[in-house]
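Reviewing the structure listed below.
The values are calculated or read from the model by the stated rules, or taken from the named source; none is laboratory data. Quick caveat, the model's predicted, so the values are computed rather than measured. Here the Cβ positions follow ideal geometry from the backbone for every residue, glycine too, while neighbour counts run over all protein chains shown.
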Amino acid sequence: MRTLVKNIKLLINTELVARTRVQGSEMSHLDNIANAFLIIADDTIEAFGSMSDPRLNVEHFDREIDASGRMVMPSFCDSHTHLVYAGSREIEYVDKIRGLSYEEIAQRGGGILNSALRVQQASEQELYDDAMLRIAQMTKLGTGAVEIKSGYGMTVEAEMKMLRVVRHIKETAPLVVRATLLGAHGIPLEYRGRQEAFVDLVVDRMIPQAADEGLADFIDVFCDRGFFTVAETERMLEAGAKHGMRAKIHANELACSGGIQCAVKWNALSCDHLEYTGADEIAALQGSATMPTILPGAAFFLNMPFAPARTMIDAGLGVAMASDCNPGSSPSVNMQLILSMACINYRLLPEEAINATTLNTAYAMGVSHMAGSIAVGKKANFFITKPVPTLEYLPYSYGENKVERAFLNGKEQ
Ligand code: NIG
Ligand code: FE
């Protein structure tokens, strides 16, 4: 089946030669084509170009879509989510409004442990059904690839249950899905005071079992003050690497914890959050393969300082931005909102924000060879916007869904 999308007002983020990521000053450049066409063959991008291309007059298509007045953009890639969870945590949200900090809530057994209890009690089917509602929501908002972490299990059984839910999503959802084992997301109450024994559990049981069942692409650790130390993180990343899982870690959300340097040392694909990032951390990231990934939703929701995205880009780094969708610190799957926050709160130009939420997040979840831009041979994951006046309007008009029609694998959703 061949589809022609024609009369596109602006075809955004095209690549003649597909790159894996963009860094520094490259981030402010997008190859956009005005008055463009896009040809899809089944689930793949076959060609694109200007409407003046004479080929269009002689070729035959099974379906034609007129996108007059509308833009076409590659689907967002959401490279950091905790999409599988049970229940919600709005009571803690009110506690936060009343003045309790994220760490204080965690210390008294709330936060991640609260979600863990609910996940342990939920069936695989319930978790899957809930997650698929969020998948449907994110699809409508223009997301075409998603990384999903475990981390609310806390026991071997519940962590494997979460990862099997992710596998089920991978098999049935139209998005590109990648799975991450986040066994070390919090310290279960019964392991308080003997945290090393919990790290043993992750290293000796969770990682090998997830690897045996082929359940995880990546390994993650919450490496931060009050959670896991750099030494503990290194043990887990080493074990993950032995089992073929590349690292993608939570780092420097609560303090300059050494997490960023640890991520670089272990050649992590990404290190995420980064509210506490100084000159040493930026120097460590320079020349590395690790994508700094900022989670604007969590900083907004927890009223945290904003990570220095502008300084990072000016220092030549690439930056990715993801939703961090989770019940505690960012209950939203809306990457359009992340696009707006990138510009408003982090002072990214609209072009930089688009690169940060498409190609660079694709890199941060290891899928930039198949997603993240409009390039021949990539998956036909894209959306047609509502009629919009300019590219800048996309981040400018926050809070409104600007996606009119979403396509994944060439199929309208
Ligand atoms: O990425 N920072 C650690 N983990 C999650 C929050 C998890 C939760 O509070 O449930 C995050 O923000
Ligand atoms: Fe997270």
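One line per residue, one yes/no per condition, for (1) surrounded by fewer than 21 Cβ atoms within 10 Å (Cβ to Cβ); (2) among the β-branched types (Val, Ile, Thr); (3) within 28 Å of His82 (Cβ to Cβ):
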{"residue": "Ile354", "(1), (2), (3)": "no, yes, yes"}
{"residue": "Lys378", "(1), (2), (3)": "no, no, yes"}
{"residue": "Phe383", "(1), (2), (3)": "no, no, yes"}
{"residue": "Glu392", "(1), (2), (3)": "yes, no, no"}
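In summary, Val264 fulfils each of the numbered conditions (1) in contact with a Ser or Thr (Cβ under 8 Å, 6 or more places away or on another chain); (2) away from ligand 1 (no atom under 16 Å from the Cβ); (3) more than 17 Å from Cys223 (Cβ to Cβ) with the single exception of condition (3).
Surrounded by 20 or more Cβ atoms within 10 Å (Cβ to Cβ), more than 21 Å from Arg89 (Cα to Cα) and either of a type in the set (Ser, Thr, Tyr) or within 16 Å of ligand 2 (Cβ to nearest atom) (or both): is that true of Ser329 in this structure? Considered against the rule, which asks whether it is surrounded by 20 or more Cβ atoms within 10 Å (Cβ to Cβ), more than 21 Å from Arg89 (Cα to Cα) and either of a type in the set (Ser, Thr, Tyr) or within 16 Å of ligand 2 (Cβ to nearest atom) (or both), Ser329 comes out as no.
Scanning segment 283-305 for residues that are closer than 22 Å to Asp220 by Cβ and away from ligand 1 (no atom under 12 Å from the Cβ) yields Ala284, Leu285, Ser288, Ala289, Thr290, Met291, Pro292.
Return the only residue of Glu281, Glu275 being within 16 Å of ligand 2 (Cβ to nearest atom) and buried (at least 20 other Cβ atoms within 10 Å of the Cβ).
Working: Glu281 fails: within 16 Å of ligand 2 (Cβ to nearest atom).
Going through Glu281, Glu275 in turn, just one is within 16 Å of ligand 2 (Cβ to nearest atom) and buried (at least 20 other Cβ atoms within 10 Å of the Cβ): Glu275.
Out of His243, His250, which single residue is touching a Pro at 6+ places or on another chain (Cβ under 8 Å) and more than 20 Å from Gly24 (Cα to Cα)? Give the steps one after another, and end with the answer.
Numbers: His250 fails: touching a Pro at 6+ places or on another chain (Cβ under 8 Å).
One residue alone meets the criteria, His243.
In the set (1) more than 17 Å from Ile338 (Cα to Cα); (2) of a type in the set (A, V, I, L, M); (3) under 19 Å from the mean Cα position of the chain (by Cα), Ala284 fails one condition alone, (3).
Condition test on Asn57, is it on the phi > 0 side of the Ramachandran plot, more than 16 Å from ligand 2 (Cβ to nearest atom) and either free of Cβ contacts under 8 Å to residues at least 24 places away in the same chain or touching a Ser or Thr at 6+ places or on another chain (Cβ under 8 Å) (or both)? No: the conditions fail for Asn57.
Among the conditions (1) modelled with pLDDT of 95 or more; (2) closer than 27 Å to Phe306 by Cβ, the only one that Gly399 does not satisfy is (1).
Restricting segment 297-310 to residues that are more than 16 Å from ligand 2 (Cβ to nearest atom) and crowded, with 16+ Cβ neighbours inside 10 Å leaves a set whose member that is farthest from Ala284 (Cα to Cα) is Phe306.
Scanning for something away from ligand 1 (no atom under 14 Å from the Cβ), farther than 23 Å from Arg178 by Cβ and in contact (Cβ under 8 Å) with a residue 12 or more places away in the chain, does segment 247-256 turn up at least one residue? Scanning segment 247-256 turns up at least one residue that is away from ligand 1 (no atom under 14 Å from the Cβ), farther than 23 Å from Arg178 by Cβ and in contact (Cβ under 8 Å) with a residue 12 or more places away in the chain. Against the test of being within 20 Å of the chain's Cα centre (by Cα), at pLDDT below 95 and hydrophobic (A, V, I, L, M, F, W, C), the options Met312, Met321, Met304, Met291 yield a single qualifying residue, Met304.
For segment 74-111, residues that are touching a Lys or Arg at 6+ places or on another chain (Cβ under 9 Å) and more than 16 Å from ligand 2 (Cβ to nearest atom) total 6. Can you name every residue in segment 128-153 that is more than 16 Å from ligand 2 (Cβ to nearest atom) and surrounded by fewer than 24 Cβ atoms within 10 Å (Cβ to Cβ)? Of everything in segment 128-153, those that are more than 16 Å from ligand 2 (Cβ to nearest atom) and surrounded by fewer than 24 Cβ atoms within 10 Å (Cβ to Cβ) turn out to be Tyr128, Asp129, Asp130, Met132, Leu133, Ile135, Ala136, Gln137, Thr139, Lys140, Leu141. Beta carbons closer than 6 Å, at least 6 apart along the sequence or on distinct chains, pair a first residue in segment 289-315 that is basic (Lys, Arg) with a second that is modelled with pLDDT of 95 or more for Arg310/Arg347. The residue that is nearest to Thr155 (Cα to Cα), counting only those in segment 99-127 that are without any contact (Cβ under 8 Å) to a residue 40 or more places away in the chain and among the charged types (D, E, K, R), is Arg118. Pairs are defined by a Cβ separation below 6 Å, a sequence spacing of at least 6 or placement on different chains, a first member in segment 22-49 that is within 18 Å of Ala380 (Cβ to Cβ), and a second member that is of a type in the set (Asp, Glu); the pairs so defined are Ile39/Glu46.
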